Amino acid sequence: MVRVLRYPRLSAASCALAIACALARDLCKGAGLDGLSRVLLFATGLLLALCFVLLSCRFFVDGQGVGVGFLLRVRRTPWSDLAALGALCCNSRRVYLYGLYRGRADFLQMLHSAPVCGEWGFVAPLSRRLAAAVQTYCPYGVDLTPPPCRRPKGRLRPLWHQAALYPALMLPTALIAFLTAALMLLRAAGQEPLSLAFGLTAAAFGLCLAGAMLVNRAGVALMTCPRISEEGVGAGRGLYLPWEDVRFAFVRRMPQGSGLFLLSQELPDVARRGAPPVFCLSLPDTSTLLLAYLTYCPHADQGIDV
């Protein structure tokens, strides 16, 4: 059996922050800063709880099939019950292993919900260790070798007006969240009742998490700024696809947001067992990108699924 973490980077960052808070707490205790050391002790405990939650989100592969679990709740799926299994390369060129429980509709749901797992299937970062395990245990052939990334031939025009919208809204909000959290921690350091100090520390911890999520969303929006030309389309400095390689387009519109997904394979080809590796561009749903797809893509006559 081979076990891997579903969120390895978040787990590593949380563990590093917990160690840093523990060391800072020892330094403050030695310097006689009892209030601040108490706050850092509470923060270390909260970070350790977050590490436990992230480390409990696991994915494993064995001879019987695959499993997706959180704590004691594990969903086991035999190899024969998987409707689709393959490799997916998204905006940042990072490769993922995806599996579907039913079929085509689940693949479209996966594009919108990843990296969260659900009733539709699972997504896990594809490492060499996991790829070797799938090749060893899977009874049918699965091509997990991503094709080489294409390079743009000419200059691409970035759509900065769309990429700048999210940072303009999220970065000031994140700054307010961080400043409020800092003030709450300073207030907690001067409080004698442990319950009040712990409550302020927990609230500040939640605000820091919210601010970090907003900064991450703003950074992703800047790094994956859509770039287009007559030859192809790309997501920032990440993945690039020539228009002739775009075989399927899908627009996902929901009250919380919408997005345009461009695939390098037809939907029936990726929603099956032994699916070929697929490139996917997740871009904002804007009229400029839709018009560029309908104008330059030779396969646009098939329309766009909504």
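Before moving on, here are some points about what is shown:
- Cross-chain or 6+ apart pairs with Cβ under 7 Å, region 136-156 first and loosely packed, with under 11 Cβ neighbours inside 10 Å, then part of a loop (DSSP other than H, G, I, E, B) and of a type in the set (Lys, Arg): Tyr140/Arg273
- Only one of the numbered conditions (1) β-branched (Val, Ile, Thr); (2) buried (at least 19 other Cβ atoms within 10 Å of the Cβ); (3) more than 30 Å from Pro193 (Cα to Cα) is violated by Thr77, and that is (2).
- Residues in region 187-212 that are assigned to a helix (DSSP H, G or I), at pLDDT below 90 and loosely packed, with under 15 Cβ neighbours inside 10 Å: 3 in all.
- Test: Gly219 is in a loop (DSSP other than H, G, I, E, B) and surrounded by fewer than 15 Cβ atoms within 10 Å (Cβ to Cβ): no
- Residue pairs whose Cβ atoms lie under 7 Å apart, separated by 6 or more positions or on different chains, with the first residue in region 15-28 and closer than 14 Å to Gly45 by Cβ and the second surrounded by 15 or more Cβ atoms within 10 Å (Cβ to Cβ) and of a type in the set (Val, Ile, Thr), are Ala18/Thr44; Cys21/Thr44; Ala22/Thr44; Arg25/Thr44.
- Region 90-103, residues that are in a strand (DSSP E or B) and more than 12 Å from the chain's Cα centre (by Cα): Leu97, Tyr98, Gly99, Leu100
- Single residue of region 104-123 satisfying the filter (out of contact with any helix residue (DSSP H, G or I) (no Cβ under 8 Å at 6 or more places or on another chain) and part of a loop (DSSP other than H, G, I, E, B)) that is least open to solvent (accessible area, probe 1.4 Å): Cys117
- When the criteria are applied in full, Leu33 fails the requirement of being buried (at least 18 other Cβ atoms within 10 Å of the Cβ) and at pLDDT 80 or above.
- Cβ separations smaller than 8 Å between residues 6+ apart or across chains give the following pairs from region 174-188 residues that are over 14 Å from Ala202 (Cβ atoms) to residues that are in a helix (DSSP H, G or I) and open to solvent by 60 Å² or more (accessible area, probe 1.4 Å): Ala174/Val215.
- Note on region 40-65: among residues that are among the aliphatic types (A, V, I, L, M) and in contact with a Phe, Trp or Tyr (Cβ under 7 Å, 6 or more places away or on another chain), the one that is farthest from Ala13 (Cα to Cα) is Val61.
- Residue in region 257-297 that is surrounded by the most Cβ atoms within 10 Å (Cβ to Cβ), counting only those that are aromatic (Phe, Trp, Tyr) and not in a strand (DSSP E or B): Tyr293
- Restricting Ser56, Ser11 to those that are of a type in the set (S, T, N, Q), open to solvent by less than 20 Å² (accessible area, probe 1.4 Å) and touching a residue at least 24 places away in the same chain (Cβ under 8 Å) reduces the list to Ser11.
The values are calculated or read from the model by the stated rules, or taken from the named source; none is laboratory data. Keep in mind it's a predicted model, so treat the numbers as computed, not measured. Positions of Cβ are backbone-derived with ideal geometry, glycine not excepted, and every protein chain shown enters the neighbour counts. Areas reflect the complete protein model, heavy atoms only, side chains present, ligands, DNA and RNA absent. Shrake-Rupley method; radii C 1.70, N 1.55, O 1.52, S 1.80 Å.
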